[in-house]
Structures are given as C-alpha cells and as structure tokens.
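Participant: Okay, handing you the structure first.
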Amino acid sequence: MNFQEELVSIGLPTYNGLPYLKKAVESALNQTYSNIELIITDNPSTDGTQMFCEEYAKKDRRVKYIRHQKDIGAFKNYNSAFKNAQGKYYCWLSFDDYLDKYFIEKCVTKLREDKKAIMAISNFVFVNISGEIVFKPNPKDYFPIEKDLYLRLKEYILLYWILGKATLFHGLWRREAIANEIIRDLPDSDIGFIFRGLSRGNFLFVDEVLFYKGILPGRESREHEKLTFRRVISSIFFRIKLIPLYFFNMKYTTRIKNLSFVKRLKLIFWECISIIRMFVMRKY
C-alpha cells in the first residue's frame, strides 16, 4: 500500500481558542500529506468556536467537529479526540499550535522506515501569539536518542521538563501503540504518557523545525526573571504538585516486563534523583 493511502488523524481539542484556531486548523488541512482527518473536540466553547468549526466541516469533508454538551475537562477532551480517530497514525495539535506543511509527510516517512519505532517528531520552537519565536530548544535537551529500553527511559527521566520534553506528546504516533492509553488527570500527565510510550518503542526525529508550539499570553517563560519571595514560594508549590506524577511513573516502572528487576530499581532511583534535583535547582 502506498503511504499516501494510509489515513492520518489529527486531534485538535479546544476551548475558547477562536483567536488561534484558524491558524491551527489551516496548518493541519494544508499538509502536503493529503489523506488526513481533523477531529476538533470542543469543550464546549462560548466564543464563536462552534460556528467557525461547523463552517469548516461543511466545506471540507476531512473535518469532523464534536461539541460536548458540557465541560468535560481538558484531559477528557484530549482523550475524546483520540477515541474518535480512525487513522493508522495519530497526533494531537493544541488550538494554539500549528504545523509546517511537511510535518505529517516527513514524520510518516520516518515511521515507515523504522517499523519498531512508535512515534516520530520534528524539531520545534515555542512561539507567541504573533508567531515570534520566544524559545528554540536544543534537541539534545528534550529528545531521547537511545534505542536500548533502559537507557532511553533513563535518558528521558533525566531531561529537564522546562526545556521541552513534554512537547514530544505532540509527535505523530502509531495509533495501535497507544490504542489502550489515556491521558490521566495529573499535573504534566503528558510526560507520563510519553514515558509509557517510550517503554514500548523508540522515537524518531526529523531534524527540521516543522512544529510550532504556542505559548498563550501570561505563560511565557520567566526562568531569567529576578527571583522574589513570592516566585520562590509559587515555584515550590508547583514542584510539590508534580510529585504524584513521579510516583505514578515509578509504579508503572515496576510493571515493565522487558526490564530486569535491577534495571527497574535503577529507573526508580533516577526518578528519585529527579525529584531531589527539582527542589535544589532552579530549572526542573
């Protein structure tokens, strides 16, 4: 089968994202890889998103618009988009993100070249509402290159969250590899999702900037701002909220059958090191 005949699903969960939505939707529909479906799940919005999405669904059969009757929360909205997908490959696109037109084509090509890999992603940058680049992370700071199971899990654990490791969630996944997964209602559950994915197969990298991760106003990085007592306290409470994620990953680690008991213990040790590091260093 020619790869152009393999359906790719793009899930786009949204809630009152109308100022950004057009750019996200058009970036998905204008891919050089044409055999896609775009699934927009609305939480439901109150800003005109419904009319906008219904108009796109009428003029492009690739668009599927699902409006929930009540607010089901962000995590369930992301899960809803995936549950309604039919494609062999799948990716999530947040309403404030957008794609280069070659993103899907080049990620599909990578996955076809390596049948054991379960996800492919391109290099990416963080952009503001004007499309200006506010941060360009180095791939070595967010992408685990090791193919060995233990080494790639260890590598991912020790990467810093603030340098972009959570954005791997937006890669192009083999749908069958994550078919039984859900996004859990935990702080930074995308990192847990990625960790579980890495336990099933390695990731592939397209060394071009083809993905643009949006940063909503008010969420810009404050890493280089002057520390104040209020910021320190806020940062400590944020880190405390992350601890359940580490324990959840530790629990999952104990069930990875393809690792020896010793290697599972080692990974739990590295998770503990990450928790300690989170409280003694400014970045996490």
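Participant: Can you confirm whether segment 60-78 contains a residue that is in a loop (DSSP other than H, G, I, E, B), among the basic types (Lys, Arg), more than 20 Å from the chain's Cα centre (by Cα) and closer than 30 Å to Ser260 by Cβ?
Facilitator: No, because not a single residue in segment 60-78 is in a loop (DSSP other than H, G, I, E, B), among the basic types (Lys, Arg), more than 20 Å from the chain's Cα centre (by Cα) and closer than 30 Å to Ser260 by Cβ.
Participant: Among the candidates Gln69, Gln31, which residue alone is farther than 25 Å from Glu5 by Cα and open to solvent by 10 Å² or more (accessible area, probe 1.4 Å)?
Facilitator: Gln69
Participant: How many residues are in contact with a Lys or Arg (Cβ under 9 Å, 6 or more places away or on another chain) and open to solvent by less than 10 Å² (accessible area, probe 1.4 Å) when one looks only at segment 171-186?
Facilitator: 2
Participant: Given the structure, is Ser80 among the small types (Gly, Ala, Ser) and either loosely packed, with under 13 Cβ neighbours inside 10 Å or in contact with a helix residue (DSSP H, G or I) (Cβ under 8 Å, 6 or more places away or on another chain) (or both)?
Facilitator: Working: among the small types (Gly, Ala, Ser): yes; either loosely packed, with under 13 Cβ neighbours inside 10 Å or in contact with a helix residue (DSSP H, G or I) (Cβ under 8 Å, 6 or more places away or on another chain) (or both): no.
No.
Participant: Among the residues of segment 137-159, what is the count of those that are without any contact (Cβ under 8 Å) to a residue 40 or more places away in the chain and loosely packed, with under 14 Cβ neighbours inside 10 Å?
Facilitator: Number of matching residues: 5.
Participant: Could you check segment 156-182 and list, in sequence order, the residues that are outside any helix (DSSP H, G or I) and at pLDDT 95 or above?
Facilitator: Initially, segment 156-182 is screened for residues outside any helix (DSSP H, G or I), giving 159-160, 164, 171-174, 179-182.
Residues satisfying the conditions are Leu159, Gly171, Leu172, Trp173, Arg174.
Participant: May I pose another question? Have a look at Tyr20, Tyr89 and point out the one that is in contact with a strand residue (DSSP E or B) (Cβ under 8 Å, 6 or more places away or on another chain), touching a residue at least 12 places away in the same chain (Cβ under 8 Å), surrounded by 19 or more Cβ atoms within 10 Å (Cβ to Cβ) and not basic (Lys, Arg).
Facilitator: That would be Tyr89, the only listed residue that is in contact with a strand residue (DSSP E or B) (Cβ under 8 Å, 6 or more places away or on another chain), touching a residue at least 12 places away in the same chain (Cβ under 8 Å), surrounded by 19 or more Cβ atoms within 10 Å (Cβ to Cβ) and not basic (Lys, Arg).
Participant: Follow-up question, since we're still on this one. If you scan segment 23-50, which residues turn out to be out of contact with any strand residue (DSSP E or B) (no Cβ under 9 Å at 6 or more places or on another chain) and at pLDDT below 95?
Facilitator: Ser34, Thr46, Asp47, Gly48
Participant: Within the bounds of segment 103-122, is there any residue that is over 17 Å from Trp173 (Cβ atoms), modelled with pLDDT of 95 or more and either open to solvent by less than 50 Å² (accessible area, probe 1.4 Å) or in contact with a strand residue (DSSP E or B) (Cβ under 6 Å, 6 or more places away or on another chain) (or both)?
Facilitator: No: zero hits.
Participant: Within segment 123-136, which residues are open to solvent by 40 Å² or more (accessible area, probe 1.4 Å) and touching a strand residue (DSSP E or B) at 6+ places or on another chain (Cβ under 6 Å)? Give the steps one after another, and end with the answer.
Facilitator: Kept after step one, since they are open to solvent by 40 Å² or more (accessible area, probe 1.4 Å), are these residues of segment 123-136: 129-130, 132-136.
Hits for segment 123-136 are Ile133, Val134, Phe135, Lys136.
Participant: Which of (1) farther than 16 Å from Gly87 by Cα; (2) open to solvent by 10 Å² or more (accessible area, probe 1.4 Å) is the odd one out, the single condition Ser45 does not satisfy?
Facilitator: (2)
Participant: Return only the number of the condition from (1) open to solvent by less than 70 Å² (accessible area, probe 1.4 Å); (2) out of contact with any Leu (no Cβ under 7 Å at 6 or more places or on another chain); (3) at pLDDT 95 or above; (4) farther than 16 Å from Tyr20 by Cα that Asp97 does not satisfy.
Facilitator: Of (1) open to solvent by less than 70 Å² (accessible area, probe 1.4 Å); (2) out of contact with any Leu (no Cβ under 7 Å at 6 or more places or on another chain); (3) at pLDDT 95 or above; (4) farther than 16 Å from Tyr20 by Cα, only one is false for Asp97: (4).
The values are calculated or read from the model by the stated rules, or taken from the named source; none is laboratory data. Keep in mind that what you see is a predicted model, and the values were worked out from it rather than measured. Please note: Cβ atoms are built from the backbone with ideal geometry, for glycine as well, and neighbour counts cover all protein chains shown. Accessible surface areas use protein heavy atoms only, side chains included; no ligands, DNA or RNA. Shrake-Rupley method; radii C 1.70, N 1.55, O 1.52, S 1.80 Å.
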